[in-house]
Structure formats: structure tokens, C-alpha cells
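See structure below.
The values are calculated or read from the model by the stated rules, or taken from the named source; none is laboratory data. No experiment lies behind these values; they were computed from the predicted model shown. Please note: Cβ atoms are built from the backbone with ideal geometry, for glycine as well, and neighbour counts cover all protein chains shown. Please note that ligands, DNA and RNA were not included when accessible areas were found on the heavy atoms of the full protein model with its side chains. Shrake-Rupley method; radii C 1.70, N 1.55, O 1.52, S 1.80 Å.
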Amino acid sequence: MKKIQKLIRDYHNVSSGCKISNKVIPENEYCIYNNKIYKYYKIKDEDTNPTCEQQFTTGVNVEIFKGSILANTVDNAKGEGNQMYYCKNGECSIVSGYKNVAGSYILCDYAKCTDSTGSKIGQVNGSSIKVAGGSSLAIEDDKYYLISGDHKFPGAETLDSFLVEVNSNYVVQFKGEGYYLISSSNEMLITDPKESTDSNDSDEDNKLYYCNSSKICKLLESNEIGNGFYINSGVNNDLKYRKSIINCNNGNCVIANEESILFQSPTSNKCSEEQIGKLVRITNTSGTFQEYKMCVKKGSAPEEIKKTDDSSKFFVITLSKGSSFGSISVTEDDKSLIIEEKKDYIKQYNGEGYILLGSNGEILSSLGNANGSLYECKNSGDDGVKCESVTTPK
């Protein structure tokens, strides 16, 4: 452990190779700098001098290191001070969990790597892992399992509930932040609705998770899920606001599809009365999309729903016959909803009673010097809380 920690602190990438001061690391060994792993080696057999080149730059790679040496045998992988690294598109961090080395799963916490065996929740035995509820599930590609309760997952013993990311070669604690939709087959749902609608076939079995920066992932119960749209954090960051978004109604969640999304050309920039409450994606002839927007007011352009902070913004939309917000539709009388928007979601506000809504999008406890509108909000059953304007105080 001390050796690899020294590499993390001291070695860096320069044109003449991986070195500390004037001492170059040994050929065919690795160094770590700024969360990137480099190898000092001859890229081609005919090369005269070794080169310091970044490794694990594409996709996900999970590797065990014994000091500055890549451990690719069972004997090398096991030992005090050995550590496991998770690299995604070149960015690497130390993780705990399990790694398949030459057909055997090795357990790594943050201080050592050892043989893996056991029958408790969070332990790998053979080619399966015991998960929440006590069932054993296969270790296979692109799966996400919930670990909770009295578990023995390495390096996470103090956590009550979290997801693990599973591949045929590794099982590691999933590190995410935001909302994630997991199917009944334990796959993360991120597909663009223009590419596939498979994720909408079994909405009652999809599970919505909220993960925070403390590494805790919580499975949300139906009464904890609001009616509306959740930003899908499973999508790559530079696409998350324009690829797929999660639509939830009465605790059931799917990837929002054409029932709640308008696909429009760039020239269609005004919202009609029937379009209020709909998400809008502007398309072009090449088939690419801009970020999701939402129709809020008749005759106005769709508004962005991409917030950058965690504060709440509230506004009112009025649904008329034929319009809808997510799965909330209107068949008879107009229906007004208070919508709450944060960086992670845009959903129906379910506060009941008299609600004083400020002109700057905040809920007021009293007017003071502010301007606001007063609404009376009542639970209307499956469609949540319906609000009616009472007066507009001055």
C-alpha cells in the first residue's frame, strides 16, 4: 500500500517519461497522477526507448495493482497493500469490491486483497452475489443490484443501502449522484426513446433510485415519488439533458416516450393550448436533438428545464381538455397544477391547503413587500393535487 500511495503522490507524466525528480520508474510498471494511470513501456517492439502513456482510456476497466505492478495472476492479486482501481474513460479511483482474476474472484477493501468466499449479503460465492432480501444473483454484464441490511460487502460495511455495479469481471460499489431507473432485470434504463421503447413495457416493475455523494443509493417507495419528470443521471453528463428522461406517475416510472414528448422542428417554437405540460425536443434533419424543454404558456416558446442549483422554483400550468403533464391528463374541466423544478427533477407539487406563490417562483409564508398569488390546493386522487386560484394579493 505504501508503494502505490507514493506513486499517487509523487510520480507525474512528463515528456521524458514517468519519473520523480530524475528517477524514472522501472520499465513496464505503472504510475498514477491526477487520477490517471500511466505505463512506462516500449509501445512497439522496435522502439528504442520506453514511453510514458496513459492507460485505460476507453470504457470501464477494473484492475488490481500490487504496488506499481499490474496484478494479473491470483498470487499477485492477493496481498496486504494491494488496491483495486476503477477507471472510466481514463479517470481512475480506488474502489472496493470483487475482481475476477484468472477465473477466481478476489475481494479487495481499501487496504488489502484476499480470497473471496461467503454466503452473507454482499459476498460473492462462485459466480453469484447475495443481494438485499437474501437471494443470490448471477454476476453478469451490465447489472445493478441493491445491497442493504446486514451485509458484508467489502469497504462499505458502515453503509445501510447502496447499489453495486456488476460486470462479468467485477462487482464494485456504484458511485452515482441523482436519479437512476433500474428495470426488473436489473439493467439501468438510459436508451433514447427515439431508439427504443422497451423500457416502457413493464413500468410497474421498474425501480427508481436516488443516489447521493455519500455513496448511499436509496430505493424510493411509491409514496416518495412525485408525478413528473426526473433527470436521468445514468446518461453521460454531456447528454443527460437531451437523451432520455424519467417519467413517473403514481409511483410507476418509465423512460418518457412520445406520449409525453413533442418532437418538433426548429421552426415550431410556439406552444399551443393542447401542448401545455408537454416536454419538447427540437430536432433537425440529421436526427440529433437539443435539450429538453417544456411548454408552460400558450403562445410562448418552450422553456428550458435545465437548472444548475438545488433551489426550488415553482410555477403554475393550466391544463385544458386534451393536454397533459406526464401521465396527468384532462378530459373535462381545466386543471391547474403547481410545478416544482429543481436541478434533478420537474414534478407536481403536492402541498395541500392555501399556497401563496411569489412572483419570483417561491412559496411565501407571508407577503411582506412581495407580490404573490393565492391558490387553494386539494388532493384529487390519482392525479395528485389540483390547485385553484383564489385571489391575487397586492
Would you check if GLU63 is part of a strand (DSSP E or B), at pLDDT below 90 and not aliphatic (A, V, I, L, M)? no
Of all residues in region 344-362 being farther than 14 Å from CYS387 by Cα and touching a strand residue (DSSP E or B) at 6+ places or on another chain (Cβ under 7 Å), the one that is surrounded by the most Cβ atoms within 10 Å (Cβ to Cβ): ILE346
Please count how many residues of region 315-337 are assigned to a loop (DSSP other than H, G, I, E, B) and either more than 14 Å from GLU274 (Cβ to Cβ) or touching a residue at least 24 places away in the same chain (Cβ under 8 Å) (or both). 7
State whether the residues of region 338-345 include one that is in contact (Cβ under 8 Å) with a residue 40 or more places away in the chain, in a strand (DSSP E or B) and in contact with a Cys (Cβ under 7 Å, 6 or more places away or on another chain). yes
Return yes when GLY133 is buried (at least 16 other Cβ atoms within 10 Å of the Cβ), part of a loop (DSSP other than H, G, I, E, B) and not aromatic (Phe, Trp, Tyr) and no when it is not. no
In region 112-152, what residues are of a type in the set (Asp, Glu) and closer than 18 Å to ALA77 by Cβ? ASP115
Looking at (1) open to solvent by 50 Å² or more (accessible area, probe 1.4 Å); (2) farther than 16 Å from ILE32 by Cβ; (3) modelled with pLDDT under 90, can you tell me which one SER116 breaks? (1)
Listed residues GLY97, GLY90, GLY59; which is open to solvent by 20 Å² or more (accessible area, probe 1.4 Å) and within 30 Å of the chain's Cα centre (by Cα)? GLY59
Residues that are small (Gly, Ala, Ser) and open to solvent by 30 Å² or more (accessible area, probe 1.4 Å): does region 137-144 have at least one? yes
Any hit, region 161-177, residues being in contact with a strand residue (DSSP E or B) (Cβ under 6 Å, 6 or more places away or on another chain), touching a residue at least 60 places away in the same chain (Cβ under 8 Å), surrounded by 17 or more Cβ atoms within 10 Å (Cβ to Cβ) and closer than 21 Å to LYS307 by Cα: no
Starting from region 22-50, take each residue that is within 19 Å of GLN83 (Cα to Cα) and assigned to a strand (DSSP E or B) and list its partners that are open to solvent by less than 80 Å² (accessible area, probe 1.4 Å) and of a type in the set (Lys, Arg), counting only C-beta distances under 6 angstrom and pairs at least six apart or across chains. TYR30/LYS39
Quick test for you: out of SER128, SER68, pick the one residue that is in contact with a helix residue (DSSP H, G or I) (Cβ under 7 Å, 6 or more places away or on another chain) and on the phi < 0 side of the Ramachandran plot. SER68
Scan region 2-38 for residues that are open to solvent by 40 Å² or more (accessible area, probe 1.4 Å), modelled with pLDDT of 80 or more, under 18 Å from LEU70 (Cβ atoms) and out of contact with any Cys (no Cβ under 7 Å at 6 or more places or on another chain) and jot them down. PRO26, GLU27, ASN28, TYR33
State the number of residues belonging to region 80-92 that are part of a strand (DSSP E or B) and out of contact with any strand residue (DSSP E or B) (no Cβ under 6 Å at 6 or more places or on another chain). 1
Would you be able to say whether some residue in region 235-244 is assigned to a strand (DSSP E or B) and not aromatic (Phe, Trp, Tyr)? no
Considering region 303-314 alone, what residues qualify as being without any contact (Cβ under 8 Å) to a residue 40 or more places away in the chain and either of a type in the set (Lys, Arg) or assigned to a loop (DSSP other than H, G, I, E, B) (or both)? LYS307, THR308, ASP309, ASP310, SER311
Positions within region 141-164 being among the acidic types (Asp, Glu), under 23 Å from the mean Cα position of the chain (by Cα), under 25 Å from LEU220 (Cβ atoms) and modelled with pLDDT of 90 or more, in sequence order: ASP142
Test: LEU208 is in contact with a helix residue (DSSP H, G or I) (Cβ under 9 Å, 6 or more places away or on another chain), open to solvent by less than 50 Å² (accessible area, probe 1.4 Å), modelled with pLDDT of 90 or more and closer than 23 Å to ILE225 by Cα: yes
